[in-house]
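A short worksheet on the structure shown next.
The values are calculated or read from the model by the stated rules, or taken from the named source; none is laboratory data. These figures come from a predicted structure and were not determined experimentally. Positions of Cβ are generated from backbone atoms using ideal geometry, with glycine treated the same way; all protein chains shown enter the neighbour counts. Surface accessibility is based on the protein's heavy atoms, side chains included, excluding ligands, DNA and RNA. Shrake-Rupley method; radii C 1.70, N 1.55, O 1.52, S 1.80 Å.
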Amino acid sequence: MKAAFVVVEGLEGAGKSTVINAIENFFTMLGHSVIRTREPGGTPMAEAIRDCVKQTWKDETVTQETELLLMYAARSQLVHNIILPALANNIFVIGDRHDLSSVAYQGGGRQVPLENLQLLKRLTLGDFTPDLTLYLDIEPSVGLARAKGRGELDRIELSGLAFFERARETYLEQLALLENAATINAGNSIEQVQKDVLRALHNWYNAASSATNTTASHANNRTVKHTVRGDE
Ligand SMILES: Nc1ncnc2c1ncn2[C@@H]1O[C@H](COP(=O)(O)OP(=O)(O)O)[C@@H](O)[C@H]1O
Ligand SMILES: Cc1cn([C@H]2C[C@H](O)[C@@H](COP(=O)(O)OP(=O)(O)O)O2)c(=O)[nH]c1=O
């Protein structure tokens, strides 16, 4: 099967970093080469942008336009220098966040008009898009409490509950429009979340492999869309 770009999305504390190890194992066990990326970040310059955009600037307001442009600048560096070359070398890429984070946080959270986001996306990424998005859905208050347990909150994490509620609403609205996506209830135990993620990944992989075998279709043509609930 052709290498694919699998993205894990969700609010802070949803458990993205926790499930990414299991996703990496899944591909490795199948004999695939795999790399992990995170956004913003993943190249030396994009990591510098990450530090810049996450920190609190004393006596200086970070405008929503600056925040937005920095996210896309970092993404452009990562996609063109790391992700596209990896896929071209048949290396699977697991992304901790990607473009949907900008739609949720800057679009939903900061209320930047979605058409501005679409413009920036087209400018920086063209029609590049993930092959599978796994969205870990969590109540913002639960996710933020988990994130607090990890250490001090950064500038974006300090944006307030209403910001994260808007971001979650936008995630859910966008997920409903997206093909090749699964929503996982991240309020369950770590074990259950991991099980549900692997089930969604497995279903997608099987569908994608058989599509590749029978029609030699490109990875981007695959379609899987469902919601995974732990109690199913
Ligand atoms: N399903 C879960 N239930 C309870 N705690 C969790 C769960 N998933 C992750 N955690 C814990 O919450 C914290 C944040 O998880 P993490 O994977 O870093 O989230 P994210 O990368 O989405 O911000 C970590 O301390 C992790 O151990
Ligand atoms: C990629 C991306 C991240 N962000 C935010 C979400 C996070 O607050 C931060 C990335 O930090 P990160 O540590 O990856 O988040 P998490 O706590 O979920 O592991 O940047 C945006 O606002 N827009 C974006 O496009």
Using each residue's phi in the stretch 92-105, evaluate 6.51 cos²θ - 1.76 cosθ + 1.60 at θ = phi - 60° and report the 3J(HN,Hα) Karplus result to the nearest Hz, with x for Gly and Pro. 5, 10, 10, x, 8, 6, 7, 4, 4, 4, 5, 4, 6, 7
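Can you tell me the relative contact order of the chain? Whole percent, Cα pairs under 8 Å, sequence separation 6 or more. Walk me through the numbers on the way to the answer.
On the way: 352 pairs, mean separation 69.2, N = 232.
The normalised contact order for the chain reaches 30 percent.
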In Å², what does the accessible area per residue of the stretch 150-198 work out to with a 1.4 Å probe? 53 Å²
Positive-pole candidate from Leu158, Ile91, Gly107, dipole of the stretch 5-228, charges at beta carbon: Ile91
Of the accessible area of the stretch 59-190, computed with a 1.4 Å probe and all protein chains kept, carbon and sulfur make up a percent value of 52 percent
Normalised by the empirical 2.2 N^0.38 Å for globular proteins, what value does the Cα Rg of the chain take? 0.98
Using the Karplus equation 6.51 cos²θ - 1.76 cosθ + 1.60 (θ = phi - 60°), what ³J(HN,Hα) coupling, rounded to whole Hz, does each residue of the stretch 110-120 give in order, writing x for Gly and Pro? 8, 6, 6, x, 4, 5, 5, 5, 4, 4, 5
Dipole of the chain, positive end: most advanced residue of Met45, Trp204, Ala147 [Cβ charges, Cα centre]: Trp204
Can you list the residues, at least 5 places off or on another chain, whose amide H is less than 5 Å from the amide H of Thr37, using H built in the peptide plane? Ile94, Gly95, Asp96
Dipole moment magnitude, nearest 20 debye, the chain about Cα centre, only Lys, Arg, Asp, Glu C-beta charged: 420 debye
Pairs of lysines 8 or more apart, or on different chains, with alpha carbons under 21 Å: count those in the chain, would you? 8
List, in order, the whole-Hz ³J(HN,Hα) value for each residue of the stretch 179-195 obtained from phi through the Karplus relation with A = 6.51, B = -1.76, C = 1.60 and θ = phi - 60°; use x for Gly and Pro. 8, 6, 9, 9, 9, 10, 6, 8, x, 6, 5, 4, 4, 5, 4, 4, 4
